[in-house]
Amino acid sequence: MSQVPADLHYTKSHEWVRKLSDGTVEIGITDHAQHALGDLVFAEVPDKGRVLASGEACAVVESVKAASDVYCPIAGEVTAGNPELATAPELINQDAFGRGWLLRLRPASAAFGALLSAAEYEELLRAEGS
Amino acid sequence: MGRHTPLYDLHRSQGARIVDFGGWDMPVQYASQIEEHHAVRRAAGVFDVSHMCVIDLTGAHTREFLRYLIANDVGKLTRAGKALYSCMLNETGGVLDDLIVYFLTDSAFRLVVNAGTRDKDLQWIRRHAQDFGVEVRERADLAMLAVQGPQARQKTMSLLAPGDRERALALPAFVGAHVAHWFIARTGYTGEDGFEIMLPAGQAADAWLALNALGVVSCGLGARDTLRLEAGMNLYGNDMDESTHPFESGLGWTVALEPAARRFIGREALQRVTAAGSARELIGLMLEDRGVLRRHQKVIVPGGGTGEITSGTFSPTLERSIAFARIPSGPVARVEVDIRGKLLAARTVKPPFVRVGKPLVS
């Protein structure tokens with residue numbers, strides 16, 4: 001069973017959201033997602049300044065097997081894309097919740113209600129048979 | 001549920017991720033496809049290729065039959081155990097399958113054909129063999145392991161009785177021999193040295209585990225695909241099929257039009273192609289930027305003609321994406337590839353991309 005850190009929020013499409021102390025959030029894909037994709041060889045992250053709507057495709061992660069869109073969990077403006085992923089996309093496999101973060105953004109609102117808690121995400125994984 | 005090889009339970013017990021391949025449930029990877037790839041280039045890996053089909057042909061007219069059945073010429077094979085890579089064509093020159101044929105004796109040859117085409121191939125071969133009185137025997141009693149990499153042959157020696165080792169080690173490239181109850185051939189689909197071993201199905205699991213104990217890494221079909229593409233080897237169903245002929249599939253070198261007197265299935269159709277010149281060709285591509293070339297992506301050549309990627313992947317050895325593509329014939333150094341709506345630049349490369357572990361492109 002994959003890791004599901006308790007202090008993060010999640011989406012049904014296997015993204016996670018971490019609140020940072022400066023009011024921005026950090027976004028990535030979960031351990032379950034990286035495992036399903038296999039060895040990642042390419043990750044395309046959005047540029048600083050890009051404005052994203054909730055549910056908008058904001059990044060692409062590519063394994064040998066397939067390319068996969070990552071959907072932005074909450075609306076906001078991108079403050080950074082992870083610069084390490086250009087040369088080391090495998091960080092997503094190795095440390096999906098840490099160094100494998102994809103982007104940071106300043107949320108358009110404080111509303112986190114639509115996101116899943118860690119317990120709810122774990123339940124989703126169980127139901128999916130992982 | 002797909003078909004299972006004798007090693008299916010063992011793959012599951014080793015944590016393999018199983019996928020469908022040509023109707024078979026096969027391991028695509030164990031821990032990491034990229035690590036498995038590197039293990040083969042640097043040391044040794046073992047693949048279960050028991051889903052492929054071994055067919056033994058016997059009879060006084062077997063050689064004559066094969067000279068008619070396939071596009072390459074078994075007339076070239078004089079040394080016992082020598083192997084030949086060939087296409088098997090239909091009457092319009094389209095590729096039914098690619099295969100390896102081993103010359104064993106004047107009245108005995110062995111074929112190894114692809115898993116996805118085995119039923120079609122057996123039906124085709126049986127039908128034509130009748131005209132030559134050749135007996136066709138599918139060897140469903142055999143499993144097949146491929147042990148590949150610079151250390152592969154050395155490690156395999158420990159599996160053989162001491163009296164058999166010298167003979168196995170002495171096998172030259174592309175030659176096979178019966179060694180005790182096994183058939184060992186110095187062939188492979190990775191571009192590395194190694195063996196393909198055909199052995200009684202009941203012995204396969206022990207052989208696999210013995211190889212693991214010697215440090216030979218279990219490898220799946222994912223690594224098999226990245227290795228073969230780096231080595232410039234075609235995959236049936238991707239790079240060629242019944243609608244394509246060898247000259248537009250990078251396989252012209254496997255067609256023996258000499259001697260001119262040899263009649264084989266598809267010959268007339270191919271002669272029409274060589275007379276007119278093939279309109280399309282298969283080339284190698286390497287993406288200059290980061291990204292992954294994938295099958296079916298559109299290729300645009302200078303002048304506006306278009307083609308298509310037939311096989312694409314990320315090359316762990318080159319750390320770049322590589323591919324085969326079928327494009328209009330003619331020399332071209334650079335193309336553009338439509339990757340999800342963006343046009344990215346790729347340069348053409350004459351395969352292979354990697355040989356004996358060394359990149360051939362910078």
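Each value in this text was obtained by applying a stated rule to the coordinates, not by laboratory testing. The model shown is predicted, which means the values in this text are computed figures rather than measured ones. All Cβ positions, glycine included, derive from the backbone under ideal geometry; neighbour counts span all protein chains shown.
Figures for the structure shown
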| item | result |
| --- | --- |
| Selection status of B:Pro27, of a type outside the set (D, E, K, R) and either without any contact (Cβ under 8 Å) to a residue 40 or more places away in the chain or more than 14 Å from every other protein chain (Cβ to nearest Cβ) (or both) | no |
| Residues within segment A:68-81 that are within 14 Å of chain B (Cβ to nearest Cβ), crowded, with 16+ Cβ neighbours inside 10 Å and out of contact with any Asp or Glu (no Cβ under 9 Å at 6 or more places or on another chain), tallied | 0 |
| Residue match in segment B:109-121 (condition: without any contact (Cβ under 8 Å) to a residue 24 or more places away in the chain and either farther than 29 Å from B:Val354 by Cβ or in contact with a His (Cβ under 7 Å, 6 or more places away or on another chain) (or both)) | yes |
| Filtered residue count, segment A:33-58, keeping only those that are more than 14 Å from chain B (Cβ to nearest Cβ) and touching a residue at least 24 places away in the same chain (Cβ under 8 Å) | 10 |
| Residues (away from every other protein chain (no Cβ under 14 Å) and of a type in the set (S, T, N, Q)) located in segment B:30-58 | B:Ser50, B:Thr58 |
| Every residue from segment B:287-318 that is touching a residue at least 60 places away in the same chain (Cβ under 8 Å) and more than 14 Å from chain A (Cβ to nearest Cβ) | B:Thr310 |
| Test: A:Glu62 is away from every other protein chain (no Cβ under 14 Å) and part of a strand (DSSP E or B) | no |
| For A:Gly28: the one exception among (1) within 14 Å of chain B (Cβ to nearest Cβ); (2) surrounded by 23 or more Cβ atoms within 10 Å (Cβ to Cβ) | (1) |
| Extreme residue, surrounded by the fewest Cβ atoms within 10 Å (Cβ to Cβ), among residues of segment B:69-83 that are touching a helix residue (DSSP H, G or I) at 6+ places or on another chain (Cβ under 7 Å) and touching a residue at least 40 places away in the same chain (Cβ under 8 Å) | B:Gly75 |
| Elements of type strands (runs of 3 or more DSSP E) in segment B:273-362, at least 1 residues being of a type outside the set (Ser, Thr, Tyr) and under 23 Å from B:Gly222 (Cβ atoms) | B:280-287, B:306-315, B:320-328, B:334-339, B:342-349 |
| Filter pass, B:Glu248 being of a type in the set (D, E, K, R), free of Cβ contacts under 8 Å to residues at least 60 places away in the same chain and under 24 Å from B:Tyr85 (Cα atoms) | no |
| Within segment B:182-235, considering residues that are outside any helix (DSSP H, G or I) and of a type in the set (Ser, Thr, Tyr), the one farthest from B:Pro351 (Cα to Cα) | B:Ser218 |
| So B:Gln148, is it more than 21 Å from B:Val74 (Cβ to Cβ), surrounded by fewer than 18 Cβ atoms within 10 Å (Cβ to Cβ) and among the polar types (S, T, N, Q) | no |
| Complete set of residues in segment B:330-356 that are without any contact (Cβ under 8 Å) to a residue 60 or more places away in the chain and either in contact with a helix residue (DSSP H, G or I) (Cβ under 8 Å, 6 or more places away or on another chain) or within 14 Å of chain A (Cβ to nearest Cβ) (or both) | B:Val337, B:Asp338, B:Ile339, B:Arg340, B:Gly341, B:Lys342, B:Leu344 |
| Strands (runs of 3 or more DSSP E) contained entirely in segment A:1-48, each with at least 1 residues that are within 29 Å of B:Thr226 (Cβ to Cβ) and among the aliphatic types (A, V, I, L, M) | A:25-29, A:40-44 |
